[in-house]
1. Could you check the range 505-533 and list, in sequence order, the residues that are of a type in the set (Ser, Thr, Tyr), closer than 13 Å to Tyr463 by Cβ and either in contact with a Lys or Arg (Cβ under 8 Å, 6 or more places away or on another chain) or at pLDDT below 70 (or both)?
2. Examine the range 270-285 for a residue that is in contact with a helix residue (DSSP H, G or I) (Cβ under 9 Å, 6 or more places away or on another chain) and crowded, with 20+ Cβ neighbours inside 10 Å, and state whether such a residue exists.
3. On the given criteria, is Asn233 over 43 Å from the mean Cα position of the chain (by Cα) and more than 29 Å from Arg562 (Cβ to Cβ)?
4. Return only the number of the condition from (1) crowded, with 18+ Cβ neighbours inside 10 Å; (2) free of Cβ contacts under 8 Å to residues at least 60 places away in the same chain; (3) out of contact with any helix residue (DSSP H, G or I) (no Cβ under 9 Å at 6 or more places or on another chain) that Pro193 does not satisfy.
5. Would you check if there is a residue in the range 288-310 being in contact (Cβ under 8 Å) with a residue 40 or more places away in the chain, of a type in the set (Phe, Trp, Tyr), under 25 Å from Ala598 (Cα atoms) and surrounded by 17 or more Cβ atoms within 10 Å (Cβ to Cβ)?
6. So which residues in the range 571-582 are more than 18 Å from Val300 (Cα to Cα) and buried (at least 21 other Cβ atoms within 10 Å of the Cβ)?
7. Among Ser360, Ser321, which is the only one that is within 18 Å of Trp299 (Cβ to Cβ), at pLDDT below 95 and assigned to a loop (DSSP other than H, G, I, E, B)?
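The values are calculated or read from the model by the stated rules, or taken from the named source; none is laboratory data. None of the values given here were measured: they were computed from a predicted structure. Backbone-built Cβ (ideal geometry, glycine too); neighbour counts: all protein chains shown.
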Amino acid sequence: MNAGKRMLRPELFLVRQRLQGMQRYLWLCVMFSLVLIADCSPSKPCEKNCLSGRCVNGSCVCDRGWVGDQCQHCQGRFKLTEPSGFLTDGPINYKYKTKCTWLIEGYPNAVLRLRFNHFATECSWDHMYVYDGDSIYAPLVAVFSGLIVPEPKGNETVPEVETNSGYALLHFFSDAAYNLTGFEIFYSINSCPNNCSSHGKCTSGNSIASRVYCECDKYWKGEACDIPYCRNNCGSPDHGYCDLTGEKLCVCNDSWQGPDCSLTVPSTESYWIMPTVKPFGASLGRASHKTVVQEKVMWVVGGYTFNYSNFQMILNYNLESGIWNTVPISSGPLPRYGHSLALYRDDIYMFGGKLEMGASNVTDELWVFNIPVMTWSQKFPSVPAHGQVYAVEGHSAHIVELDNGDVVMVVIFGYSSIYSYISNVQEYNIRTNTWLVPETRGAIAQGGYGHSSVYDSGSKSVYVHGGYKSLPANKYGLVDDLYRYEVQTRTWTILRESGYPRYLHSSVLLGGTLLIFGGNTHNDTSLSNGAKCFSADFLAYDIACDEWKVLPKPNLHRDVNRFGHTAVTSNGSMYVFGGFSSVLLNDVLIYRPPSCEAFLGQERCEAAGPGVRCVWKAGRCVSWEPSFTNSATPAPFCPAKAATVDERCYRFSDCTSCTANTNGCQWCDSKKCISALSNCTATVKNFTNCPIRNEQICSKMANCKSCSLNLSCQWDPQQQECHTLPGKNGRGWWERFFLIYILFCEQRLMSRDQTRNGKNMRLEIKAPNSSTSHDLSVAQLCGDGWSNVGEACLQINSSKESYDNAQHYCKNLEGNIASLTTAKQKLSPWVGLRKINVSYWGWEDMSSFTNTSLQWLPGEPNDSGFCAYLERAQVSGLRANPCTANTDGLICEKPVVSPNQNARPCKMPCSLRTTCENCTSQAMECMWCGSTKRCVDSNAYVISFPYGQCLEWQTGDCLLFQFVCLSIRSSLLAVQEWILMACVGTPSDRNFKENVILEALSAHNVLFHPGYQMA
């Protein structure tokens, strides 16, 4: 017993000592409070109103969840338990780096409705997430971003979101760029949708647990009584009648059409309709899917959805009956979105796309779905030597039958996670099962992500509009470009731009007119009026006359703004399916254009439109169809174009783009593009007479990896641009062939060590009519003082240096400490291997250490070392060493400089970096998304998460973030109690201190589980 007491005495002594320290600290707090009371009495008023708090001695003490000098910004967690109420970010613009979470608690299985009376955030960057449950692990039902306001320039109706669990969790995150007016959201439990739209009454069921519903007035239907039916009684009895069974709609007589049977057949007017039959509930809503039509059936494949657990990869929709079917598949490709589809006979070809599940890779897989047998098969095409196939997303594809009988799938543009925005065309030959990236002629097209394209079989041409692209001066954004690609001749032509930039929109070809619908129209927030994400814009391009017109938006009973949808044509109508408008959509919109047959007389026929192009032929009015032509001149029936001014041509910086367009330009004096009407001494008006200029070809390469693939280009790491190598301008195909041949000879000569008299053999090859020569000496490949070893240049130095000095020495030589993977040297050098964090070692080139061919010695790495050196050759193993220590020698490494390589190696692409540390180590080039564990290019963040998949991103402070998370998770409650007990105050004071803690933690990007509550 005494022994036990003796054992407790030291502990009691420590407790007593801590209590005495606490008493002294509390006494100081009391004294300090008395001084403040004496100094501040009477209480000072606040200069500004405290909006969500109270005034204490001239300063606002904020309520829980509010911060700011007036308590005007939300920043924290809120719990709402009333049956109805409002939630808002505050009365003014939300602040930068806002994180706010609201938990609305109803009762189990109750219907909870959220009504977005006002919502304005930065599109694609600042998001509001809505979950059907009490945590972020509940089903996600909506992601709001951008401008969603019930006003003439925005939506016509107020959007509502419904949850069915009895709970709703809302989480808002904003970045450090732009802050807009925020939001005001009304919620109510067990209420009718949209208050029955003033066209019905809200009624409850017989039992207490039953939900309320709308009883609609006559001639109104739908869950919210917002869909009119049988307007004007369908023109009964002459035009049609109202069918009150089933969907309650007008059944028109044979000579009448339209929602209310008021238009003749054929009609000079267009109209929209929205069938009410949806594919088995909202769970099958999707975006960035693809569709094709075969024999009146629309096939829907893939797409992005919030929850893939019950995802149906393939759906089909009968365009005549309006009936949906799911297609059960036992095996096949993983779900994906941003892919392409192309139909050939009974086969659907699916290429590329992003695999959202797993590692979220962009793939180059090619799958074929056979419609009659309903099975998938994967193709494994061959790639020619020295060829390249790009794994892309956000591209498009079309099947084309060439004049020689071959059938090819033409893949247009796209985004590659390795090579960035792709400006190439890829061809897949179905007969030979081979890929080809062909050389193209004409204008130099700039490729991108999320464009739309259509194929015209008559002219064998593809029309490509819009997209998210790389722009001059290392900028990125939306474009309104329109290109025509003639597949047979592989020729690009620049057509008149639309004036309405967008991406993830749709396009179809109807009656000689290109119809563009919807899309994401938000560009740089600093340049745009508002921040509109979703559009219902309807544009028409008259191919015959090279003119754009804006058509009226769909006049339907609800908003149809969207992006990421698809559109197809059948029987002269356009069918739009799905997309995204904060929620994933599963509706079908049908557009029926005017019919040329309805225009009587030549004058009325040729004046028809906009939205349709008609011609008078053989005494009747018929649709004009595009035909192949080499001329950029509009058709003879088109109105005269205004004279082209020089300013319209200045933007074309190369000869081929200047002369292969419809703007009426000429290439003047080999240096500028001006109007064809302007005076010029030496002029070129046809692109076939232009010299090849690699400056513009190189400028289309969006990153280092794509730049390095071109023999004539070199990447500038400081300007982040691709430029032409000196002396490489104007080469033809024959000289490129010689360069490739030289590289082949170079490898053969070096591998055989062919030298004469101890000197390197010099191989000189001159291309025909060219003075260019190529010296393959080591001095040219590596530089003086360097040795060529395989594909690398090495320089050995026997001096004793610290790790940082050794790296500085190599950097001055435009190299790095060699990332050695084999033991060949007789020195004990630094090997370019460094500890990144507690458990991760990586090479200087950012690749991970695999501990395979070069291994740690027994007992290594020791805790004292953060840098690795190679023990002497007879030991052949790695040891960890303090980075300030000196080793016996160093080895520098840089890549071989050949005509098609950059002076410096390309950095590891962002998509291949798997941790926050190596993702954000290269300044602002990459961004890390913690919620998806993905690293993406800064110039591609918007297209990498088009549907708000990233809850929060960062470009640095990874180690601090991890440290704070680890320490806070284990001891947050203890730290909180210590701080709150330090100075006793009122409950409001405690709330104030609590918010100070959360504000400080939030500044370090610490995102807690929304369910966490301060004690």
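1. The one that is of a type in the set (Ser, Thr, Tyr), closer than 13 Å to Tyr463 by Cβ and either in contact with a Lys or Arg (Cβ under 8 Å, 6 or more places away or on another chain) or at pLDDT below 70 (or both): Thr513.
2. Checking the range 270-285: not a single residue is in contact with a helix residue (DSSP H, G or I) (Cβ under 9 Å, 6 or more places away or on another chain) and crowded, with 20+ Cβ neighbours inside 10 Å.
3. When the stated conditions are applied, Asn233 passes them.
4. With respect to (1) crowded, with 18+ Cβ neighbours inside 10 Å; (2) free of Cβ contacts under 8 Å to residues at least 60 places away in the same chain; (3) out of contact with any helix residue (DSSP H, G or I) (no Cβ under 9 Å at 6 or more places or on another chain), Pro193 is out only on (2).
5. So far as the range 288-310 goes, no, none of its residues is in contact (Cβ under 8 Å) with a residue 40 or more places away in the chain, of a type in the set (Phe, Trp, Tyr), under 25 Å from Ala598 (Cα atoms) and surrounded by 17 or more Cβ atoms within 10 Å (Cβ to Cβ).
6. Within the range 571-582, Ser581, Ser582 meet the criteria.
7. Only one candidate passes the filter, namely Ser321.
Here is a yes/no grid of residues against (1) touching a His at 6+ places or on another chain (Cβ under 9 Å); (2) surrounded by 19 or more Cβ atoms within 10 Å (Cβ to Cβ); (3) modelled with pLDDT of 75 or more:
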| site | (1), (2), (3) |
| --- | --- |
| Tyr840 | no, no, no |
| Thr850 | no, no, no |
| Leu857 | no, no, yes |
| Leu878 | no, yes, yes |
| Pro882 | no, no, yes |
| Ala885 | no, no, yes |
